[in-house]
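Worksheet for the structure shown next.
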Amino acid sequence: MPVKRKNRGRKKGDKGSEGMVQCDNCGALVPRSKITRVTRRVSPVSGDLARELKKQGAYIAESVVTKNFCISCAIHYGILKVRAREERKKPVTI
């Protein structure tokens, strides 16, 4: 059977089975190597208020939120882009 991608869309290589991770958006169970992780800093204070407090010298704590997305949700939210056929074969450099 023909294969669309050399790595079959995963990063695990020849390591056997691996754990499944749940997508934070749709709840789909996806292999750990196929998930897209997004880490963002989230402030509990709105932007306008935060700027005024920083001018006064206040410290505003930010929490780090890490989310796991399946490929279809990552494309939907614009985290990943659909690449042309020639670009798919090249490794992605970030």
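The values are calculated or read from the model by the stated rules, or taken from the named source; none is laboratory data. Keep in mind the model is a prediction, meaning the values are calculated, not measured. Here the Cβ positions follow ideal geometry from the backbone for every residue, glycine too, while neighbour counts run over all protein chains shown.
Observations on the structure shown:
- Any chance residue 21 is assigned to a strand (DSSP E or B), among the aliphatic types (A, V, I, L, M), modelled with pLDDT of 90 or more and surrounded by 11 or more Cβ atoms within 10 Å (Cβ to Cβ): yes
- Search result, residues across region 1-18 that are of a type outside the set (D, E, K, R) and surrounded by 12 or more Cβ atoms within 10 Å (Cβ to Cβ): 9
- Yes/no for residue 65 being touching a residue at least 24 places away in the same chain (Cβ under 8 Å), within 20 Å of residue 79 (Cα to Cα), surrounded by 12 or more Cβ atoms within 10 Å (Cβ to Cβ) and within 14 Å of the chain's Cα centre (by Cα): no
- Tally of residues being exposed (fewer than 11 other Cβ atoms within 10 Å of the Cβ), within 20 Å of residue 78 (Cα to Cα) and hydrophobic (A, V, I, L, M, F, W, C) across region 24-62: 1
- Just one of the listed residues (64, 42) is β-branched (Val, Ile, Thr), more than 28 Å from residue 91 (Cα to Cα) and at pLDDT 95 or above, namely 64.
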